[in-house]
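The values are calculated or read from the model by the stated rules, or taken from the named source; none is laboratory data. On a predicted model such as this, the values are computed, not experimentally measured, just so you know. Quick reminder, even Gly has a Cβ in these numbers, built from the backbone with ideal geometry, and neighbours come from all protein chains shown. SASA here: full protein model, heavy atoms, side chains in, ligands and nucleic acids out. Shrake-Rupley method; radii C 1.70, N 1.55, O 1.52, S 1.80 Å.
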Amino acid sequence: MNILVLNSGSSSLKYQLIDLENEEALAKGLAERIGVRTAEGSCLMHEAKGKKPYNVSADMPNHDVAMDVVFQALTDPEAGAIRDICEISAVGHRVVHGGEGFSQPTLITNETLAEIDKCSELAPLHNPPNLAGIRACRRVMPDVPQVAVFDTAFFTPIPKRAYIYALPYNLYKEYGVRRYGFHGTSHRYVTARARKLLAQTGMDVSEIKIVSCHLGNGCSASAVVGGKPIDTSLGMTPAEGLVMGTRGGDMDPAIIPFLMRRLDMTPDDIDNLINKKSGLLGVSGTSSDMRDIEAKAEAGDERAALAFDIFCYRARKYVGAYAAAMGGIDVIVFTGGIGQNSPAVRNGICEGLGFLGAEIDPRKNDGFRGEGSISKDNARVRIMVIPTDEEKMIARETAEVVSDLMASARR
Ligand code: ADP
């Protein structure tokens, strides 16, 4: 069964065609600058397994046209992975916000589309482009089942005390102001993988307490007990919690009205400040990219060193807070571009956590590649690096929905 996994952003379309038999990517690609008028124009970078990379510059004024270009690439006789689009059994769409209504991957129908559209108010930058990708796919493949896999769904079980903000309660009831959490597909994948790897060593994982740290351009931490999340750091929007590339995470909320009055800022200015100009970029003043931050800090740049320090310190506070929330901690998982690749960040976060029983083995941490444990052999807490694979997870969940559909059709 071949599943096409789509992640459709405001000006981009990322995809993977996955053969579910061996969970292997047959092709992957990225269409960029969709609907953006620049001198460079839109382009598609595509690569199928065992074939030469295929890059095309094509006018892509919207997601409909971009989807056509993607299908041409997928079926191209030289660079493609399939002969015909009928070789695609289902499409799994990453959808950022599923509100309170979507707790599971869901088959897309006209009704579910309307419900996802209602969640656009909560994620105005993300859900509309996700919907554009879904509509474009339905147009080209009207008979192929399409499934929405929500970034928020994994966090449905978190208890009320973790998701209700201490604001007037009617803001929750009337406007949906609450914590939803994001990066759910990644946290689900890496915590399930950690449990599987540890179960193989004979460990009882039924109630295992994991803090999972997804550290990429966006960053979040989740507390997961026995596979079920009890708390997570991203909130009503993906702006709360840890320090990120361009987002600052937690701060005193009264800073916002202060800035609005003092600098005459509008809500849009504030949105831009907290989402695009803060975090590593805001503190360092030079880059949102952790590789740059580390290189500059090493070369003596004090602001980059401070950004690095704040990033690690704030993540460490979450590990401590979640250990307290779970009544203990057995595993810390690192994933995402930074979590998977930066020994310095992993070290910076775990520094001083020896009192919890979490101690990194520097010989394992430095230069670690792949998945496995980087903690000292006798340490009570396992510290693990697990590369995330959101596409694989979306493909699996899409296939489950489609199999259930086929089973109920047979009944
Ligand atoms: P996204 O959240 O957009 O999917 P990624 O998960 O790819 O992003 O993470 C991007 C981040 O990972 C960037 O800050 C980048 O600098 C960081 N990163 C990638 N490789 C390394 C590395 N070797 N050392 C430190 N940081 C790295």
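Quick one: compute the contact order of the chain, relative version, from alpha carbon pairs under 8 angstrom and 6+ residues apart, as a percent.
So the answer I get is 13 percent.
What number comes out for accessible area per residue over the range 275-366 if the probe is 1.4 Å? Units Å², please.
Heavy-atom SASA per residue in the range 275-366 reads 46 Å².
Can you give me the long-range amide H partners of GLY92? Hydrogens built in the peptide plane at 1.01 Å from N, cutoff under 5 Å, separation of 5 or more residues or another chain.
Counting only residues 5 or more places away or on other chains, the set is LEU4, VAL5, LEU6, VAL147.
Report the full-extension gain for the segment ALA166 to GLN72: residue separation times 0.36 nm, less the Cα-Cα distance, to one decimal in nm.
Gain on extension, ALA166 to GLN72, equals 28.7 nm.
For the range 145-248, state which GluC sites (Glu not before Pro) are in a DSSP loop and have at most 16 other beta carbons lying within 10 Å of their beta carbon.
When the GluC sites (Glu not before Pro) of the range 145-248 are filtered for loop state and at most 16 Cβ neighbours within 10 Å, GLU207 remain.
Go through the range 101-108 residue by residue and turn each phi into a ³J(HN,Hα) via Karplus (6.51, -1.76, 1.60, θ = phi - 60°); whole Hz please, and just put x for glycine and proline.
Per-residue couplings from phi come out as x, 9, 9, 9, x, 9, 5, 8 Hz.
As a check on your grasp of the helix formula, calculate [θ] at 222 nm for the chain: sum -39500 (n - 2.57) over DSSP H runs of n ≥ 4, divide by the residue count, round to the nearest 500.
When only DSSP H runs of four or more count, the value is -12000 deg cm²/dmol.
Using the Karplus curve 6.51 cos²θ - 1.76 cosθ + 1.60 with θ = phi - 60°, what ³J(HN,Hα) values do you get for each residue of the range 149-155, in whole Hz, with x for Gly and Pro?
Here the 3J(HN,Hα) series is 10, 8, 5, 8, 4, 4, 8 Hz.
Have a look at THR185, THR156, THR109 and tell me which one the Gaussian network model of the chain (Cα, springs below 10 Å) gives the largest fluctuation.
Evaluated over the chain, the most mobile residue of the options is THR109.
Hey, which of these cross-link pairs are over 29 Å Cα-Cα: LYS228/LYS392; LYS118/LYS160; LYS276/LYS364; LYS14/LYS376?
LYS276/LYS364; LYS14/LYS376
Between the helical axis of 63-75 and the dominant principal axis of the chain, each derived from Cα atoms, what acute angle in degrees is found, rounded to the nearest 10?
80 degrees
Which aspartates and glutamates have a Cα less than 13 Å from the Cα of LYS51, not counting those fewer than 8 places away in the same chain?
ASP76, GLU78
Sequence-distant or interchain residues sharing an amide H contact under 5 Å with ALA27, placed H: which?
Amide H to amide H, under 5 Å and 5 or more residues apart or across chains, ALA27 pairs with LEU17, LYS49.
If I ignore ligands, DNA and RNA and count only protein heavy atoms, how much of PHE182 is accessible to a 1.4 Å probe, in Å² to the nearest 10?
10 Å²
Given springs between every Cα pair under 10 Å in a Gaussian network model of the chain, which of SER278, SER206, SER120 has the largest fluctuation?
Maximum fluctuation in the GNM of the chain, among the listed residues, is at SER206.
For every other residue with a beta carbon closer than 12 angstrom to the beta carbon of CYS119, add +1 if it is Lys or Arg and -1 if Asp or Glu, then tell me the sum.
Net charge in that neighbourhood comes out at -4.
Applying a 10 Å radius around every beta-carbon, put 31-39, 285-293 in order of their mean neighbour count, most first.
285-293, 31-39
I need to check one value: relative contact order of the range 21-152, counting alpha carbon pairs closer than 8 Å and at least 6 residues apart, in percent.
Relative contact order here is 23 percent.
Whole-Hz Karplus ³J(HN,Hα) for the range 167-184, in order, using 6.51 cos²θ - 1.76 cosθ + 1.60 and θ = phi - 60°, x for Gly and Pro?
Residue by residue, the range 167-184 yields 10, x, 4, 5, 5, 6, 5, 8, 10, x, 6, 6, 7, 10, x, 9, 6, x Hz.
Lysines within cross-link reach of LYS277: Cα-Cα under 22 Å, excluding same-chain residues under 8 positions apart?
Correct list for LYS277: LYS296.
Based on the Cβ-Cβ distance from ASP252 to SER403, what FRET efficiency comes out when R0 is 51 Å, to the nearest 0.05?
Efficiency computed from Cβ-Cβ geometry: 0.55.
Give me the aspartates and glutamates in straight-line cross-link reach of LYS173: C-alpha distance below 18 Å, same-chain residues under 8 apart excluded.
Cα-Cα hits under 18 Å: GLU100, GLU115, GLU121.
Arrange the peptides 383-394, 12-23 so that the one whose residues have, on average, the most other Cβ atoms within 10 Å appears first.
Top of the packing list down: 383-394, 12-23.
What share of the DSSP beta bridges in the chain is antiparallel, in percent to the nearest 5?
70 percent
Considering only SER375, ALA399, ILE270, whose Cα is most displaced toward the positive end of the charge dipole of the chain, charges sitting on Cβ of Lys, Arg (+1) and Asp, Glu (-1)?
Final value for the positive-end residue is SER375.
Express in nm, to one decimal, how much length is gained between ILE85 and THR286 on full extension, taking 0.36 nm for each residue of separation and deducting their alpha carbon distance.
Full-extension gain reported as 67.9 nm.
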